[in-house]
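Asker: Structure incoming, see below.
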């Protein structure tokens, strides 16, 4: 998932809700660019992460002004063509949702 911050301030990821199909298996990792944000093996089909659940420090979850980051979800199983929904909430109150 490509995240582009075209705003005037840095955006800090606070909360994430992810739903995925059972066929994809367990969620293994979540990364933002090269930074590991979450590495607890989680069974399908939904996860809700809050600020206390993230690995690392706050800057690991920051998308700086005028920058683009790639948010990746690593699953044990196969990726299927649909059934994925992610909602991101940032410290600023901005909410981004995407479904595939």
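Values in this text are rule-based calculations from the coordinates and carry no lab data. Everything numeric here is computed off the predicted structure, so don't read it as measured data. Neighbour counts run over all protein chains shown; Cβ positions are idealised from the backbone, glycine included.
Asker: Report whether or not residue 77 is surrounded by 13 or more Cβ atoms within 10 Å (Cβ to Cβ), touching a helix residue (DSSP H, G or I) at 6+ places or on another chain (Cβ under 6 Å) and part of a loop (DSSP other than H, G, I, E, B).
Answerer: On the way: surrounded by 13 or more Cβ atoms within 10 Å (Cβ to Cβ): yes; touching a helix residue (DSSP H, G or I) at 6+ places or on another chain (Cβ under 6 Å): yes; part of a loop (DSSP other than H, G, I, E, B): yes.
Yes; evaluated as a whole, the condition is true for this residue.
Asker: For the list (1) surrounded by 12 or more Cβ atoms within 10 Å (Cβ to Cβ); (2) within 14 Å of residue 14 (Cα to Cα), I need the number of the one condition that residue 93 fails.
Answerer: With respect to (1) surrounded by 12 or more Cβ atoms within 10 Å (Cβ to Cβ); (2) within 14 Å of residue 14 (Cα to Cα), residue 93 is out only on (1).
Asker: For the list (1) touching a residue at least 40 places away in the same chain (Cβ under 8 Å); (2) touching a strand residue (DSSP E or B) at 6+ places or on another chain (Cβ under 6 Å), I need the number of the one condition that residue 9 fails.
Answerer: The failed condition is (2).
Asker: Of the numbered conditions (1) out of contact with any helix residue (DSSP H, G or I) (no Cβ under 9 Å at 6 or more places or on another chain); (2) under 15 Å from residue 3 (Cα atoms); (3) free of Cβ contacts under 8 Å to residues at least 60 places away in the same chain, residue 61 satisfies every one except a single condition; which is it?
Answerer: (1)
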